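Comments concern the structure below.
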């Protein structure tokens, strides 16, 4: 009859590492989930209902719930030395890592398509500017920080019914498009009203509003901060690789030590 061997030091060390790894990211997932739920409840104070795909709180809830459930499975699998649960955890984070790697390669190879996606996403955000407080805040932040206006240019604001030129007095842009200087003590929130009336040449309004489109501004900003994005990507991917490596190493230890 085969004799069950007592776990060795390496076995115990791996078990502790896998458990600590899962508990840490379980807490991270719980935090992200809590922030997402809080943000979603806060949004209920507004009457507008946003597109779920453009809702940052939905992204946080989905991401947080995924991490919470997956790391719970990994933690239970490690504590009980359940090979099935450990394989579910290990293969899932491996697949997630591969999908991220594929997405990064696609983004690099198909730069033109990436620009189209950015343009499409920002165009959709302009249309929902007043329908979602999160989008409203994000668009204003981008336009002010990057000193840009609209997607391709400031005339893209015609896609929003509140700024479209079809209605008298509405042919304008949000105040976040307005050029601000250090001398401006108080922001003039009406500076964008009727600024697009008569289809003016960009250089005729460049002292009032930003004329550069935010699609190009975002892409330039991304290129300028590419080293930071590479660092963030490594910061996300390396822990996944570590978790996958430790998990499959632990599975091997369990299988080798069960019957010897």
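Just so you know, all these numbers are worked out from the coordinates, no wet-lab data involved. Since the model is a prediction, treat every value here as computed from it, not as a measurement. Neighbour counts are summed over all protein chains in view; Cβ atoms, including those assigned to glycine, are modelled from backbone coordinates with ideal geometry.
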Of every Cα-Cα pair in the chain, the percentage lying beyond 33 Å is 42 percent
Angle, helix 111-127 long axis vs. longest principal axis of the chain, Cα atoms, 0 to 90°, nearest 10? 60 degrees
Helix 226-258 versus the longest principal axis of the chain: what is the Cα-based angle in degrees, 0 to 90, to the nearest 10? 20 degrees
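Let me know the Kirkwood hydrodynamic radius for the range 112-215, please, with Cα pairs as the basis and the value in Å to one decimal. Provide the component values of the computation, followed by the final result.
Details: mean 1/r = 0.0729 Å⁻¹.
Here the Kirkwood hydrodynamic radius works out to 13.7 Å.
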Mark the label point 7 Å from the Cα of residue 63 along Cα→Cβ and return the residues of the range 225-260 whose backbone N is within less than 16 Å of it. 229-240
For a quick protection proxy, order the peptides 206-212, 236-242 by their average other-Cβ count within 10 Å, most packed first. 206-212, 236-242
Round to the nearest 10 and give me the degree value, 0 to 90, for the angle of helix 9-43's Cα axis relative to the longest principal axis of the chain. 30 degrees
